[in-house]
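Structure record follows, encoded as structure tokens.
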Amino acid sequence: MNIILLGPPGAGKGTQASRLVAGRFMVQLSTGDMLRAAVKAATPVGLQAKAIMARGELVSDAIVSALIGERLDQGVGAGAIFDGFPRTAAQAEALEVLLAARGQALDHVIELTVDEAVLTERIVGRYTCANCGEGYHDRFKQPLVAGVCDVCGSTEFKRRPDDTAATIATRMAVYRGETAPILPFYETRGLVRRVDGMADIEQVTAAIEVILDG
Ligand code: AP5
């Protein structure tokens, strides 16, 4: 089972991917996470990507497609959840080639439909535990004890440098201009399913589960 979670910044792709991983033995392939790890480790890819990501623009198709290919070669258990990839027509074509070369194909493209007006609030309010990566939000999901991670007890938290109002505007524009236009490519093949990304997190997961079990 290989699926793509598609939606604008803040739609809940990462949130839903990690919930599906926990329940289904699938693997989350987030190009955003891979690139942030490369930036942190100051690899050649990370050094190229850092400023581009800070501006909210897209890293090159060749770089992200290579990251996905390398990750697929490590095996993906019960299947892959592509989170934040593909983001351009060229990446969609690259994914076809990468999967076909491994005797695989896509099962579903799940579009999380959201009201853009709420996304900025979702994004500027989010932060993660600096130790274990658990996600929180200033309004929607606060730690049970203020300042202490529910999962690991750490008191260190961090925010993404691209989660500013100015960068979010660029990321939204890039989604509308580059990523949303790939939907028809998948629609013609009958792969697209839509889920209301404005519903509660648990309800969104349940709707995705129905599709995966259908
Ligand atoms: P990436 O890391 O992929 O960021 P993004 O697409 O902007 O998506 P986000 O991580 O911001 O949002 P999400 O949909 O995962 O939402 P989340 O679950 O966190 O990419 C970052 C950058 O890397 C790009 O700008 C680009 O530069 C580069 N890059 C990455 N991939 C690339 C590629 N393929 N090609 C080229 N460049 C690439 O949820 C957001 C918040 O909302 C959280 O606080 C969450 O708790 C909350 N929330 C989620 N769901 C709900 C809900 N249903 N109700 C209420 N709150 C919710």
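Miscellaneous remarks
- Computed as a quarter of the hull surface, the mean projected area of the alpha carbon convex hull for segment 107-214 stands at 8.3 nm².
- Helix-only mean residue ellipticity at 222 nm for the chain, each DSSP H run of n ≥ 4 adding -39500 (n - 2.57), per residue, nearest 500: -13500 deg cm²/dmol
- Surface share of carbon and sulfur [accessible, 1.4 angstrom probe, percent] for segment 60-214: 54
- In whole angstrom, the chain maps to an equivalent ellipsoid with semi-axes of 25, 21, 18, each derived as √(5λ) from the alpha carbon gyration tensor and ordered largest first.
- For segment 84-101 and segment 16-49, distance of Cα centres in Å: 16
- For segment 1-104, average projected area of the Cα convex hull in nm²: 6.4
- Each Cα pair under 8 Å and six or more residues apart adds its separation to the average, and for segment 97-181 the resulting relative contact order is 22 percent.
The values are calculated or read from the model by the stated rules, or taken from the named source; none is laboratory data. The structure displayed is predicted, hence computed values, not measured ones. For the accessible areas, the whole protein counts, side chains as well, though only heavy atoms, and no ligand, DNA or RNA atoms are used. Shrake-Rupley method; radii C 1.70, N 1.55, O 1.52, S 1.80 Å.
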